[in-house]
1. For a 32 Å ceiling on Cα separation, which of these pairs sit above it: Lys41/Lys89; Lys48/Lys170; Lys38/Lys140; Lys99/Lys119; Lys135/Lys207?
2. Might you work out the accessible area of Glu39 for me, using a 1.4 Å probe with all protein chains in place, and round it to the nearest 10 Å²?
3. Ordering Ser169, Ser88 from largest to smallest accessible area (1.4 angstrom probe), what's the sequence?
4. Using R₀ = 35 Å, calculate the FRET efficiency as 1/(1 + (r/R₀)^6) where r is the Cβ-Cβ separation of Ile175 and Ala81; round to 0.05.
5. Roughly what would the spin-label model give for Glu218 and Gln71, points 7 Å off Cα along C-beta, in nm?
Amino acid sequence: MKYLTKFLAIFMVSAALVGCGERVAPNYAGVLMENYGKEGKADFSLQKGRVNTLSPGTELYQVPLWEQRAQFENSLSLKAADNTAFSSKPVYSFKIVEKRAIDVVFENKQLGSGDEFMKGLEDNILEAKVYDIMKEESRKYTTDELMANGGSLKFEKAVQDLVEKEFESKGLELITFSAQLNFSEKVTAKIDSRNEVNTNITVLDQKIAEQKKQNELEKLITEQNLLKSQGITPQLLQRDFIDKWDGKTPLYGNMPITLLKKE
């Protein structure tokens, strides 16, 4: 009876310990920190199923492995190379690479745990890095370049490539990214006016080119007519005169011998 009581006591304590643990939810990566993380990354490990978290200095981080969608709450203030101000409100999505989950938690454990962890990661780490990249990259483009056909897409692609590399270094996979640039009405009106002027200049250039071609054509026609007129030789003129002369009408002045008709 004594041994049975002892066995039941041990069983109940074990059951209590197991029951007080945490279970890693499906489609989450469980990262367990032990010993308060004093030994650095060596105190972090990937876990699945139920995990004992009763030991002092132990904490289980559960990070979602599905796609996370994020949007800046406030627009970013940017400046182009010509010092024109414009704004952007990026929208992006990403997910944590499962085999890098320990890196993600270890580098950002100060952000808290649970839902706070992902929210803190987006607000304090990722958005700040995206802003720094966009602010630096925007200085490489003029307003005209950004607002030209395909200009904003070129800028967006350059930013996306840089953000993708930055996220990869942090154990994240960037899935989608949209910069969503916005220019003030004043800047837009100025660019539209400039584009209209450029269009008018293009039309004038076409008309000038057309007139030059027309002048060249008229010049060719004139030269052709001149060549035709120069084709009438003295011999042809003499033959035409002889054909029209009756052989009797007196002629005055020097008369070429070729004008004499034979009887």
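1. Cα-Cα > 32 Å for Lys41/Lys89; Lys38/Lys140; Lys135/Lys207; rest within.
2. 120 Å²
3. The ranking, largest first, comes out as Ser169, Ser88.
4. Working from the Cβ atoms, E equals 0.70.
5. 6.3 nm
The values are calculated or read from the model by the stated rules, or taken from the named source; none is laboratory data. What you see is a predicted model, and the numbers here were worked out from it, not measured in a lab. All Cβ positions, even for glycine, are placed from backbone atoms using ideal geometry, and neighbour counts span all protein chains on display. Remember, those area values only see protein heavy atoms, side chains included, never the ligands or the DNA or RNA. Shrake-Rupley method; radii C 1.70, N 1.55, O 1.52, S 1.80 Å.
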